[in-house]
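Read the structure below first, then the notes.
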Amino acid sequence: MTSRTAAARPDETPAAGASSLGADSSGHEATTASSRLAAFWRELSTFGIIGALNIFIDMGLYNWLRAGPLDGKVTTAKIISGAVATVFAWVGNRYWTFRHRENRPLHHEVVLFFAVNGVALAATSAWVAFAHYVLGARGALWENVHALIGIGIGTILRFVAYRTIVFGAAAEDPKA
């Protein structure tokens, strides 16, 4: 996979009212604060849509597993449902939310993406385990409430890490 640049995408236009401040030393157009803010809100909103779909995938599978094949094993059910949702999140975030960003080689990005998601899934699963085993949160309602809280914790970690670590750095230029 080759790296992509924001300027090379004809289907994306600068935010309304955004003006160029000129070219920087690399030849890319410098953007105004309003266009950077518009890009942030676009990323946040598409990340939110992917996240909402992921909640349905994650929670649906979690509930099916905890009530069926993994009855009584809430932590295992959460890990499996979170892992399945992570695959969907990779596709959605790479090819929709952060498609306009320059990227690293695909294999580097995949490793970073799944490492970040592993950390976020560990935080989510740790919260579910803590709520179940320490706080005594039992029953479908409370287990779901705490699974959603765990997803919220993981979501905050993911968004920050996706923007700064996974999709934030430009691809390394082998010619440089």
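The values are calculated or read from the model by the stated rules, or taken from the named source; none is laboratory data. Keep in mind the model is a prediction, meaning the values are calculated, not measured. Note: ideal-geometry Cβ built from the backbone for every residue, glycine included; neighbour counts use all protein chains shown. Quick note on the areas: whole protein, heavy atoms, side chains included, nothing else; ligands and nucleic acids left out. Shrake-Rupley method; radii C 1.70, N 1.55, O 1.52, S 1.80 Å.
Only one entry in F56, F47 is open to solvent by less than 40 Å² (accessible area, probe 1.4 Å), on the phi < 0 side of the Ramachandran plot and at pLDDT 85 or above, namely F47. Here the condition is being surrounded by 18 or more Cβ atoms within 10 Å (Cβ to Cβ) and either in contact with a Cys (Cβ under 8 Å, 6 or more places away or on another chain) or farther than 15 Å from L148 by Cβ (or both); of A83, A89, A115, A120, it holds for A89 alone. Scanning region 89-104 finds one or more residues that are outside any helix (DSSP H, G or I), among the hydrophobic types (A, V, I, L, M, F, W, C), under 13 Å from Y162 (Cα atoms) and out of contact with any Asp or Glu (no Cβ under 6 Å at 6 or more places or on another chain). Do we find that Y133 is open to solvent by 60 Å² or more (accessible area, probe 1.4 Å) and farther than 19 Å from L61 by Cβ in this structure? Criteria met by Y133. Of all the listed residues (F130, F113), the sole one being touching a residue at least 40 places away in the same chain (Cβ under 8 Å) and in a helix (DSSP H, G or I) is F113.
Can we say R36 is part of a loop (DSSP other than H, G, I, E, B) and open to solvent by 40 Å² or more (accessible area, probe 1.4 Å)? Against the criterion (part of a loop (DSSP other than H, G, I, E, B) and open to solvent by 40 Å² or more (accessible area, probe 1.4 Å)), R36 does not qualify.
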